[in-house]
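Below is one structure, written out as structure tokens; comments come after it.
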Protein chains: 2
Amino acid sequence: MQTALATAGLAPLFGRSVPAVLPASLTSESRTVTRRTVAANDEIYAEGDRAMSFYKIAAGVVRTYKLLSDGRRQIGAFYLPGDIFGLESGEDHRFGADAVTETRLLVHRREPRALTGDDGALAREVVAAMMRDLERAQEHMMLLGRKSARERIASFLLALSERMADSVGTVCLPMSRNDMADHLGLTIESVSRAVTQLEREGLIELPPNRRTVILRNAAALRHLAD
Amino acid sequence: MQTALATAGLAPLFGRSVPAVLPASLTSESRTVTRRTVAANDEIYAEGDRAMSFYKIAAGVVRTYKLLSDGRRQIGAFYLPGDIFGLESGEDHRFGADAVTETRLLVHRREPRALTGDDGALAREVVAAMMRDLERAQEHMMLLGRKSARERIASFLLALSERMADSVGTVCLPMSRNDMADHLGLTIESVSRAVTQLEREGLIELPPNRRTVILRNAAALRHLAD
DNA sequence: CGTACACTTGATCTCATTCAAGTGACGTGG
DNA sequence: CCACGTCACTTGAATGAGATCAAGTGTACG
């Protein structure tokens, strides 16, 4: 979610030459990187906070969201280990972010030179993260604008299974039904009903704790998701 | 819509130094730029086409969209004069694009070096376009996921009026109700009804041809849009 | 002047929401 | 180890916002 690169940061972004290959420095320690651990459901930053840093997930799951004045919430995206979030083109965070599960973060202080050629690998990683966010957001508009509840659940489970790379055909759901609902533009009850229905139809299977999903008929799910 | 910069194009993007100020070359002729005029409702490129070029609008309005296998359509965005669209991170266009009105385009051939430091102004414009797309897509997810029909119309009219800069408080709608519906996740009838309702409530006013909207109570619209 | 097409309006239907219990997994303390 | 309480999830019934089906109306264009 969220874009990148302060307007002021754009010029430096293109202002230096870079060797072709660099260490994956986003995973290495450096003077601009600190660590932070956040408990489940704790806030990482709020919507409207000054965007001082951006983040890479070492472990855990994060959600970013926007609120309407009456409390309606839209979760823009879930971020998994390895993902970058919190990038903004402007001064402030346009979404809030909090931890879905206990999360360990690498915090990148957003300095004027943080995205310059000093670290081309970082800059490239940042641009790639932004592009991935855009593609996911575009795909998600299709889901929110035109898909039925069943189709939304099918799409969501498939997308998550592709990102989580659990044992083939099994997805664990780190987030609550409430989070799923606010991501998929549904109510918690509609999510529950759609999951139950897919289960009855034999497309998926859930253990008693209901937080893991086994994809029994991925082809049928893919057909539903279109 | 659509992102930018082939994966292969990322490295060159950061590979050259650039003077601080450059001509706005996206509006000037050069060997990589050609012109193209497209009639209303004609296709510019289809979803899945190889992304050979990206485009800047000289005049007219463009819509980008995705289709589900049964024909349901989601319009991702409308682009106005000055906007850039057709940027992709991958090989192919992930959305289709066609002209809403007769449109004049500047076509930028996507060469390996088209986004390098040879033209830092172009590269910066491209990244900025991508970021704007992302912010709009994120805002639109909130609309599609959580707003009522009335709220969607109010949000849409306000956003369009801010981009079109007509005489204050007047927006002309270049697109049909059908296009609005497929952008806002509604049916054409629901769009019509919501517009009529806002009109009856005195928030907007429409001349007999129904293709222009006068914002009579922008504050109330803004409150609706949240 | 007449035809076509876009938009509006009306009646009915449907899918998801809302409101209201119910069920079961998990953690805590006795 | 089991009783209890909590919280997340599920299920049921009633409601409602928007979709669908079906005419109308009016604007533009030849």
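The values are calculated or read from the model by the stated rules, or taken from the named source; none is laboratory data. The structure displayed is predicted, hence computed values, not measured ones. No Cβ is skipped: glycine too gets one built from the backbone with ideal geometry, and neighbour counts run over all protein chains shown. Only protein heavy atoms, including side chains, enter the accessible area calculation; ligands, DNA and RNA are left aside. Shrake-Rupley method; radii C 1.70, N 1.55, O 1.52, S 1.80 Å.
List the residue pairs whose Cβ atoms are under 8 Å apart, where the first residue sits in segment A:119-146 and is modelled with pLDDT of 95 or more, the second is surrounded by fewer than 20 Cβ atoms within 10 Å (Cβ to Cβ) and not in a helix (DSSP H, G or I), and the two are 6 or more positions apart or on different chains.
What qualifies is A:Met142/B:Leu68; A:Arg146/B:Leu68; A:Arg146/B:Arg72; A:Arg146/B:Arg73.
Exactly one condition in (1) touching a residue at least 60 places away in the same chain (Cβ under 8 Å); (2) under 15 Å from the mean Cα position of the chain (by Cα) is not met by B:Ala225; state its number.
(2)
For B:Asp70, are the conditions met, namely being over 30 Å from B:Arg216 (Cβ atoms) and either more than 8 Å from chain A (Cβ to nearest Cβ) or open to solvent by 10 Å² or more (accessible area, probe 1.4 Å) (or both)?
It is true that B:Asp70 is over 30 Å from B:Arg216 (Cβ atoms) and either more than 8 Å from chain A (Cβ to nearest Cβ) or open to solvent by 10 Å² or more (accessible area, probe 1.4 Å) (or both).
Taking segment A:181-209, which residues are away from DNA strand C (no atom under 11 Å from the Cβ) and either touching a Phe, Trp or Tyr at 6+ places or on another chain (Cβ under 8 Å) or of a type in the set (Phe, Trp, Tyr) (or both)?
Answer for segment A:181-209, where residues must be away from DNA strand C (no atom under 11 Å from the Cβ) and either touching a Phe, Trp or Tyr at 6+ places or on another chain (Cβ under 8 Å) or of a type in the set (Phe, Trp, Tyr) (or both): just A:His183.
Return the pair list, or none, for Cβ contacts closer than 9 Å from residues in segment A:26-39 that are of a type in the set (A, V, I, L, M) to residues that are at pLDDT below 85 and surrounded by 13 or more Cβ atoms within 10 Å (Cβ to Cβ), at least 6 apart or on different chains.
Every condition considered, the pairs that remain are A:Leu26/A:Asp119; A:Leu26/A:Ala121; A:Leu26/A:Leu122; A:Val33/A:Ser25; A:Val33/A:Leu26.
Does any residue of segment B:5-17 turn out to be modelled with pLDDT under 95 and within 23 Å of the chain's Cα centre (by Cα)?
yes
Within segment B:211-224, is there a residue that is modelled with pLDDT of 95 or more, basic (Lys, Arg) and touching a helix residue (DSSP H, G or I) at 6+ places or on another chain (Cβ under 7 Å)?
yes
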